[in-house]
1. I'd like to check one number: the per residue accessible area of the chain, probe 1.4 Å, reported in Å² as a whole number.
2. Show Ile102, Ile191, Ile20 ordered by accessible area, largest first, where the area counts protein heavy atoms only and the probe is 1.4 Å.
3. Give the Cα extents of segment 242-383 along the principal axes, in whole Å, largest first.
4. Ranked from the most accessible area to the least, with a 1.4 Å probe and all protein chains present, what is the order of Ser257, Ser360?
5. For the chain, what size does the Cα cloud have along each of its three principal axes, sorted from largest down, in whole Å?
6. When the Kirkwood radius is taken over all Cα pairs of segment 1-142, what Stokes-Einstein diffusion coefficient follows at 10 °C and 1.306 mPa s, in µm²/s?
7. If you wrap a convex hull around the C-alpha atoms of segment 25-68 and split its volume per residue, what is the figure in Å³?
8. Filter the chain for me: DSSP H helices, axial length by Cα at least 15 angstrom, mean Kyte-Doolittle hydropathy not below -1.0. List them by residue number.
Amino acid sequence: MRAWPLEKLGSVLDKSENWIEVQPDKEYSEVTVRLWGKGVNLRGTKIGSEIGSSRRLSVSEGQFIISRIDARHGACGLVPKNLDGAVVTNDFPVYTPKENKILPRYLELISKTHFFVDACKRASEGTTNRVRLKEPRFFDIEIPLPDIAVQKLVIDKVDFALDKLEEIKLLRSSLLDDAQAMLSSAFNKLIEGAVYKPMSEVAPIVRRQIEITVDGEYPELGARSFGKGIFHKPTLIGAELDWQKLYTVHSGDLVLSNIKAWEGAIAAAGDNDHGRVGSHRYITCVPVEGVTTANFLAFYLLTQEGIEQVQAASPGSADRNRTLAMKRLEKIKVPVPDYDKQLWFNQLQSYVEKIKQAQSENEIELEALMPSILDKAFKRELV
């Protein structure tokens, strides 16, 4: 199968020079271009007097815009309808596709390919932090360019495939929402009529401080905000530590960040986390066996009712200064239903977590499909 003819970008694009005088009392929308082909978006709005220049380049719907600085990272795309008339600086050159040569959507799709981004890398030069796209080199980039009729066919084929991918993503999101709603419903039924007891009785604070040695190695962990779970940090080297205090975490511990618990940095430690260390910023609570579990407590503390208690126990004048006080943590009251029912709920959580894990792995595969589809499209394998 013969390849499509190649055309230089300079022959299919006209550079826009639609500069306007900025009026001090007029409001302007400003444009930002996201990396890796993620689109052209609104950066924000400013009054002319807040813009540090008397001139700005005005853009129009359907024009192609690219970042001189981040072209090598795929920062380019088409100006959407809602940004028609917005303004950009000279760091974002703007081009109008020639109607008789190239369709804007075709150009947008091809700009998301690996070979286009690689070509932009080669067209950029400069020292560290000063790399810029060089326009003459950009204009010399060659792209496969069939006639307009074939371009339309390519667009239709690719958009059909991308629409199907989007449908799959929406279905996945709906499944996760349903699973989470099922968990919340089961939890609410489980705690109906349950006795509430203070944390000090059901999961007291336990601090396992370790003695740091010069030749010691200490694999560290942390807890992500918004209930995103525990993550592993790089291993700490004893010789590089001075004033720090470290505490061992065991599987089955409830782990809370004393500075971020108020925004959901709360999680249950699993077998994979056993033996790792947390800084003095992390509080570990050990559930009383036969009474409650870390997974159950973490779920409760991340509910609206639970997080409000954590926030009340985290005083401070500003969000970044809010600290969970240990004595206040001990006074937080949590529901304590039948232990066997808690274990059943934990199993339910485990099933949902497996669904999330599978979905996460599928998402990676789905994300890899788009460049594959584009690659096939411009190799004439879809038409």
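1. Values: 20720 Å² over 383 residues.
Dividing the accessible area of the chain by its residue count gives 54 Å².
2. Numbers: Ile102 0, Ile191 25, Ile20 45 Å².
From most exposed to least exposed: Ile20, Ile191, Ile102.
3. 68, 42, 32
4. Details: Ser257 5, Ser360 55 Å².
These residues rank, largest area first, as Ser360, Ser257.
5. Result for the chain: principal-axis Cα extents of 76, 50, 47 Å.
6. Using the Kirkwood radius from Cα pairs, D works out to 102 µm²/s.
7. Numbers: hull volume 4.1 nm³, N = 44.
That works out to 93 Å³ per residue.
8. Details: long enough: 148-190 (62 Å, 0.34); 339-377 (57 Å, -0.65).
Span-like helices here: 148-190, 339-377.
The values are calculated or read from the model by the stated rules, or taken from the named source; none is laboratory data. If you're wondering where the values come from, they're calculated on a predicted model, not measured in any experiment. For neighbour counting, all protein chains shown are included, and Cβ atoms are generated from backbone atoms with ideal geometry for every residue, glycine included. Just so you know, the surface numbers come from the protein's heavy atoms only, side chains and all, with ligands and any DNA or RNA stripped out. Shrake-Rupley method; radii C 1.70, N 1.55, O 1.52, S 1.80 Å.
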